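This report concerns only the one structure given below.
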Amino acid sequence: MLDSSALAQWRRYWATPLIGLIGGYLASLTGWPLPWIIGSLLAVIAARCSGWLVTEVPGGRQTGQWLVASAIGLHFTSEVMGELLGHFGVILAGALATLLLSLIGIALLRRAGVDRATAFFASMPGGASEMVNLAQRHDAQVARVAAAHSLRLLLVVLLVPAIFTWSLPPVEPPPAAAVNGYWLAVLLPAGALLALLWGKLKQPNPWMLGPLTVCAAASVSFDLHIGLPNGLGQVGQWLIGCALGCHFDRAFFRSAPGFLARILLFSLLAMLSAALLAKGLGWLASEDQSSLMLGMMPGGITELCLTAEALQLSVALVTALQVLRLFLVMFLAEPLFRLWQRS
């Protein structure tokens, strides 16, 4: 029997996956890009903004990330890793360039009178939960930092897949990768165990990076060329979309409208600047410009890697750029802020 608190919680989240399922199905009928993540996201936001404050299913986002990250990790092969290592200079340059785009946000927010700590940590590209923790440590306005990262992620999820899907020529989906139940029976639990361990060690984004690391390492080491069963990736997208939608309601969009408007402007400028930088970097290094653009977008590792997969771009290159920038943000954000404070 459920106790009263558990029953009350269940009543708040039982409808969330059903609302997301309806939204994902309707989006799939319209041909919208990444329909199961974007459709469920918009459906849950609509429900919450209407006053029905459904909440996130416990463990839903982590489960979705585990499935999606496992599928992304299986895209890595020995040939792909060789290419990535051969172009590491381009990947590092792209990650550093997008990190510098945070200066746009800092400048916009500082001109509006936002304090240093809030402007700095709200403008970092990625690592949302970690930036919120750092903001709290440095006496920033934590609610505004969280709102800034949530709004930027929402914009990236809604705009980037659609722009890339409709601006690139249509592609035929590749043949489905072979499914090996024996390997998956080992890799999926191993990825979950590593995620739990990394979570205990307070590492960033454990349910994305843990399964991705396990599956990529096994795929490269044993040259597997396998994938997840058909439909399992869509389940992961649906769970992630439902979880993302629970961050938004009418109160969110009404809070500090001037601050959110500047975050909106910064996010759009950062996406445009990232696209132009990627185009120039791709031309100089003779790399695929579309993959570089996707990899240099400010945040949303899971969603951008899924976009690369859907458009048959370099999933490994997009993943490498996003993951490297995440770690650069994690390790450089606080030292750089302290240096700025001393100056």
**Alpha carbon centroid spacing (whole Å) that separates region 12-85 from region 98-158** = 24
**Item:** Debye intensity ratio I(q)/I(0), log10, the chain, q values 0.06, 0.07, 0.08, 0.09 Å⁻¹ (C-alpha model)
**Value:** -0.21, -0.29, -0.38, -0.48
**Item:** GNM result for the chain, Cα springs below 10 Å: residue of LEU158, LEU317, LEU284 fluctuating most strongly
**Value:** LEU284
**Request:** Translational diffusion coefficient, Stokes-Einstein: compute it for region 9-95 using the Kirkwood radius over C-alpha pairs as Rh, at 20 °C and 1.002 mPa s, and state it as an integer in µm² s⁻¹.
**Result:** 138
**Message:** Using +1 at the C-beta of Lys and Arg and -1 at the C-beta of Asp and Glu, which of MET330, LEU209, ALA185 has the Cα lying farthest in the positive direction of the dipole of the chain?
**Reply:** MET330
**Fill in**
Along region 52-65, Karplus-curve 3J(HN,Hα) (6.51, -1.76, 1.60; θ = phi - 60°) to the nearest Hz, with x for Gly and Pro, reads 8, 7, 5, 10, 5, 5, x, x, x, 5, 5, 5, x, 5
**Asked** Looking at HIS138, LEU67, HIS149, which one has the Cα that reaches farthest to the positive end of the dipole of the chain (charges on Cβ: Lys, Arg +1; Asp, Glu -1)?
**Response** HIS138
**Message:** Defining a contact as two alpha carbons under 8 Å apart and six or more residues distant in sequence, what relative contact order in percent does the chain show?
**Reply:** 30
**Message:** I need the peptides 50-60, 145-155 ranked by packing, meaning the mean over residues of other C-beta atoms within 10 angstrom, with the highest value on top.
**Reply:** 145-155, 50-60
**Prompt:** Magnitude of the Cβ-charge dipole of the chain, K/R +1 and D/E -1, about the Cα centre, nearest 20 debye?
**Reply:** 1320
**Prompt:** Karplus couplings for region 309-325 from phi (6.51 cos²θ - 1.76 cosθ + 1.60, θ = phi - 60°), rounded to Hz, Gly and Pro as x?
**Reply:** 5, 5, 9, 6, 8, 6, 4, 5, 5, 4, 4, 4, 5, 5, 5, 4, 5
**Prompt:** In the P(r) worked out for region 59-139, what percent of Cα pairs fall beyond 16 Å?
**Reply:** 69
**Asked** Residues with beta-carbon under 10 Å from that of ASP115, excluding ASP115: net charge, scoring Lys, Arg +1 and Asp, Glu -1?
**Response** +2
**Item:** the chain - mean residue ellipticity at 222 nm from DSSP helices (-39,500 (n - 2.57) per run, n ≥ 4, rounded to 500)
**Value:** -24500 deg cm²/dmol
**Karplus 3J(HN,Hα) series, Hz, for region 219-230 with 6.51 cos²θ - 1.76 cosθ + 1.60 (x for Gly, Pro)** = 5, 6, 5, 10, 6, 6, 6, 10, x, 7, x, 4
**Request:** Run the dipole for region 173-297 about the Cα centre, Lys and Arg Cβ at +1, Asp and Glu Cβ at -1, nothing else charged, and hand back the magnitude in debye, nearest 20.
**Result:** 540
**Asked** By how many nm would the segment from ALA261 to ASN133 lengthen if fully extended, with 0.36 nm per residue of separation less the alpha-carbon distance?
**Response** 43.7 nm
**Asked** Does region 203-318 classify as rounded, prolate or oblate by the C-alpha gyration tensor (a ≥ b ≥ c root eigenvalues; a/c under 1.5 gives rounded; else a/b over b/c gives prolate, otherwise oblate)?
**Response** oblate
**Fill in**
When all Cα-Cα pair distances of region 1-152 are considered, the percent exceeding 29 Å is 43
**Within region 99-160: Cβ-based charge dipole about Cα centre, in debye rounded to nearest 20 (Lys, Arg +1; Asp, Glu -1)** = 140
**Request:** Compute the relative contact order of region 289-343 as a whole-number percentage, counting only Cα pairs closer than 8 Å that sit 6 or more residues apart in sequence.
**Result:** 34
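FYI, it's all coordinate maths here, none of it is from the lab. Please read all numbers here as calculations on a predicted model, not as lab measurements. Glycine gets a Cβ as well: all are built from the backbone with ideal geometry, and neighbour counts include every protein chain shown.
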